[in-house]
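Input: a single structure, listed below in structure tokens.
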Amino acid sequence: MFEYLQGKVTIVNPAYIVLDVVGVGYKLYTPNPYQFIENKEYCIFVEQVVRENAITLYGFATNEDKQLFLKLISVSGIGPKSALAIMAAENSQSLMAAIEQGEIKYLTKFPGVGKKVASQIILDLKGKLDVSDQPQLELILDQDNPALKDAILALSALGYSNKEVEKIKPKLEKLPNQSADHYIKEALKLLLKQ
């Protein structure tokens, strides 16, 4: 329902923060509430989780953290509270690297994560986190063609890896300046041929 909320943090609690958005205080559970400072403006990415007995909002400083949270709660045996605990105990890059490398012992150090759940996390998420692709996206996007930049971001949102996009990027750059829509159509034709 919500993508993000922008407002002033009015309360920082050990488990959550309250974000005042035009006079409405939203209670947001977050991995590390103390990364936010009271009376400071923030844009916080949110996810609404509906259960039988509760509707809860979870807040994240970055969209990358929100996406990691969504992937974690998609794993059988990991609920929102467990996902927050995992994310609070480790930075996103280290956590994603541990999953990619299949480090069961490393994952079992998190609260509520035994060997079975750690194995399930690795089984479900290994190869789907694009750990190595994160820094490369900035390099791919470092150019003066905003339409091509938008097209590359759209391809990433469609699920194409940076490696796949990097292969076709030289062909896209040879095209005369086009709209983002045209670049996307051409890119999809090239990607489907591979």
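Dipole size in debye (nearest 20) for the chain around its Cα centre, Lys and Arg Cβ +1, Asp and Glu Cβ -1?
So the magnitude is around 640 debye.
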Give the Debye-formula value of log10 I(q)/I(0) at each listed q (0.09, 0.11, 0.14, 0.18 Å⁻¹), with one equal scatterer per alpha carbon of the chain, two decimals each. -0.44, -0.63, -0.92, -1.15
What ranking do 66-78, 171-183 get when scored by the average of other Cβ atoms within 10 Å per residue, highest first? 66-78, 171-183
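Taking the Cβ of Asn177 as the center, what net charge do the other residues with Cβ under 14 Å away carry, scoring Lys and Arg +1 and Asp and Glu -1? Mind showing how you got there, number by number?
Values: positive: Lys149, Lys174; negative: Asp144, Asp150, Glu173, Asp181, Glu186.
Its environment carries a net charge of -3.
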Which residues' amide hydrogens lie under 5 Å from the amide hydrogen of Thr30, considering only partners 5 or more residues apart or on another chain, with H built in the peptide plane? Ile17, Gly59
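Given N residues in segment 1-74, what is its alpha carbon radius of gyration divided by 2.2 N^0.38 Å? Write down the numbers at each step before the final one.
Values: Rg = 11.6 Å, N = 74, 2.2 N^0.38 = 11.3 Å.
The reported ratio for this selection is 1.03.
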Taking the Kirkwood radius as the inverse of the mean 1/r across Cα pairs, report the Rg/Rh of segment 74-126. 0.89
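Give the calculated FRET efficiency between Arg51 and Leu123 to the nearest 0.05, with a Förster radius of 30 Å applied to their Cβ-Cβ distance.
Values: r = 25 Å, r/R0 = 0.82.
The value I calculate is 0.75.
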What is the spin-label model distance, in nm, from Asn63 to Asp150 if the labels are put 7 Å beyond Cα along the C-beta direction? 1.4
Segment 48-104, Kirkwood Rh and Cα Rg, ratio Rg/Rh at 0.98
Among residues other than Thr108 whose Cβ falls under 11 Å from its Cβ, what is the net charge (Lys/Arg +1, Asp/Glu -1)? +3
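Bear in mind these aren't lab numbers, they're just calculated from the coordinates by the rules spelled out. This one's a predicted model, so the numbers in the text were calculated from it and none came from an experiment. Backbone-built Cβ (ideal geometry, glycine too); neighbour counts: all protein chains shown.
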